[in-house]
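Below is one structure, written out as structure tokens; the observations come after it.
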Amino acid sequence: MKVLVTGGAGYIGSTAVAMLLEQGHSVNVLDDCSTGHASSVDARADLFQESILNSQAVAGALQGVDAVLHFCAKSLVGESVTKPEIYWETNVYGTRILLDEMKKANVARLVFSSTAATYGEPREIPITENEITHPTNPYGASKLAVDYMITSQSRAYGLAAISLRYFNVAGALRSKTGWQTERHNPETHLIPNVLRASESNPLKIFGVDWPTKDGTCIRDYVHVVDLIGAHLSALEAAQPGTHEIINLGSGGGYSVNEVIAAAERVLGRKIPTEISSRRAGDPAILIADITKASKYLTWSPTLDLNQMVSDAWNSIQ
Ligand code: UFG
């Protein structure tokens with residue numbers, strides 16, 4: 001199959017590119033490299049270094065393509081609060097352009113990167129796909145708007161589509177060409193920050209007074225290799241005229257303190273930390289119910305937190 005990977009120069013997208021190529025697919029990448037890195041894209045893929053807002057570039061990247069993995073997005077919760085317009089433009093209008101060009105080019109298969117941020121503060125843990133969607137920031141709201149847009153596109157024009165709602169993605173892939181690693185700037189995610197912490201730059205723990213067993217927030221971490229494995233299954237499983245929404249996590253949770261302890265085991269040394277105030281917009285606990293992923297995609301995660309931490313660590317050495 002020939003697959004267009006939008007956002008294929010980013011952390012998760014470039015991992016998808018490498019795994020698609022390893023499975024024998026051919027790959028086009030559309031990425032303006034505003035946050036991703038051209039050097040992260042496997043040289044066997046064709047890179048179109050253009051914005052998703054450029055419809056001509058999108059049409060060019062879609063030539064000869066059978067399916068699209070759509071990762072391209074603005075994805076920082078805090079930034080989405082201070083600069084919401086770029087979230088609506090890139091995430092919603094960018095996807096609108098992609099869907100229009102896919103229709104013109106008769107490309108009728110799509111897997112979209114949605115997010116647990118569409119749920120906001122959940123009423124129940126673990127979170128099923130039937131949970132009410134009430135996003136608490138423009139990032140989650142923009143992704144939810146895209147989910148609605150894809151549902152209508154699917155019903156009206158027969159698009160075969162699956163949205164995968166990610167919980168916390170971590171770890172790294174060691175592909176034939178080297179490590180596909182997380183290279184965000186600024187880095188806001190817990191595991192990369194834990195691994196980079198030092199005496200002069202201790203890890204800030206955002207709150208120790210949450211209503212959890214040890215007072216720190218609990219999240220559901222899934223290895224990026226398992227996550228992309230689910231995308232490859234979703235490419236096959238998507239049915240014409242249907243848009244399925246499926247959570248991707250591990251089905252279990254770790255507190256911030258437990259993640260720090262895992263990193264201390266992997267690194268064999270103490271991680272310097274300092275207690276900081278709560279970060280705005282953080283819910284106390286997010287854990288996915290992954291029953292639907294296991295049934296619909298015949299998928300279950302295989303790599304645990306220790307593997308995520310050690311792969312993330314090895315990828316930055
Ligand atoms: N945390 C710290 N210190 C840090 C970084 C994070 O204590 O330096 C804490 C956070 O407060 C949170 C947990 O570690 O409790 C995980 O934080 P991340 O920033 O790694 O991940 P989030 O859960 O905030 O965000 C992830 C994705 C978002 C997505 C969200 C869905 O990165 O894109 O899950 O809820 F929107």
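The values are calculated or read from the model by the stated rules, or taken from the named source; none is laboratory data. What you see is a predicted model; the values in this text were computed from it and never measured. As a convention, Cβ positions derive from the backbone with ideal geometry for all residues, glycine included, and neighbour counts pool all protein chains shown. Only protein heavy atoms, including side chains, enter the accessible area calculation; ligands, DNA and RNA are left aside. Shrake-Rupley method; radii C 1.70, N 1.55, O 1.52, S 1.80 Å.
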**Message:** Kindly evaluate residue 145 against the criterion of being part of a helix (DSSP H, G or I) and within 16 Å of the ligand (Cβ to nearest atom).
**Reply:** yes
**Request:** Look at residue 198 and say whether it is small (Gly, Ala, Ser) and within 16 Å of the ligand (Cβ to nearest atom).
**Result:** yes
**Fill in**
Exactly one of 310, 294 is open to solvent by 20 Å² or more (accessible area, probe 1.4 Å) and without any contact (Cβ under 8 Å) to a residue 40 or more places away in the chain, and that residue is 294
**Request:** State the number of residues belonging to the range 264-279 that are outside any loop (DSSP other than H, G, I, E, B) and free of Cβ contacts under 8 Å to residues at least 12 places away in the same chain.
**Result:** 1
**Asked** surrounded by fewer than 15 Cβ atoms within 10 Å (Cβ to Cβ), over 21 Å from the mean Cα position of the chain (by Cα), near the ligand (Cβ under 9 Å from one of its atoms) and of a type outside the set (Asp, Glu) - does that describe any residue in the range 245-266?
**Response** no
**Asked** Which one of these is surrounded by fewer than 20 Cβ atoms within 10 Å (Cβ to Cβ) and of a type in the set (Gly, Ala, Ser): 59, 116?
**Response** 59
**Message:** Regarding the range 151-169, can at least one residue be identified that is among the basic types (Lys, Arg), open to solvent by less than 30 Å² (accessible area, probe 1.4 Å), within 26 Å of residue 86 (Cα to Cα) and near the ligand (Cβ under 9 Å from one of its atoms)?
**Reply:** yes
**Prompt:** Looking at the range 228-238, is at least one residue in contact (Cβ under 8 Å) with a residue 60 or more places away in the chain, open to solvent by 30 Å² or more (accessible area, probe 1.4 Å) and more than 16 Å from the ligand (Cβ to nearest atom)?
**Reply:** yes
**Complete:** Of the candidates 188, 216, 212, the one satisfying the condition of being under 29 Å from residue 131 (Cα atoms), within 15 Å of the ligand (Cβ to nearest atom) and at pLDDT below 95 is 188
**Fill in**
Residue set 24, 78; condition of a type in the set (Gly, Ala, Ser) and either at pLDDT 95 or above or touching a strand residue (DSSP E or B) at 6+ places or on another chain (Cβ under 9 Å) (or both); output residue 24
**Prompt:** Quick one: would you say residue 303 is among the hydrophobic types (A, V, I, L, M, F, W, C) and part of a helix (DSSP H, G or I)?
**Reply:** no
**Prompt:** Looking only at residues in the range 120-142 that are more than 10 Å from the ligand (Cβ to nearest atom) and part of a helix (DSSP H, G or I), which one is least open to solvent (accessible area, probe 1.4 Å)?
**Reply:** 142
**Asked** Going through the range 161-198 one residue at a time, which ones are outside any loop (DSSP other than H, G, I, E, B) and either over 20 Å from the mean Cα position of the chain (by Cα) or more than 24 Å from residue 293 (Cα to Cα) (or both)?
**Response** 174, 175, 178, 179, 180, 190, 191, 192, 193, 194, 195, 196
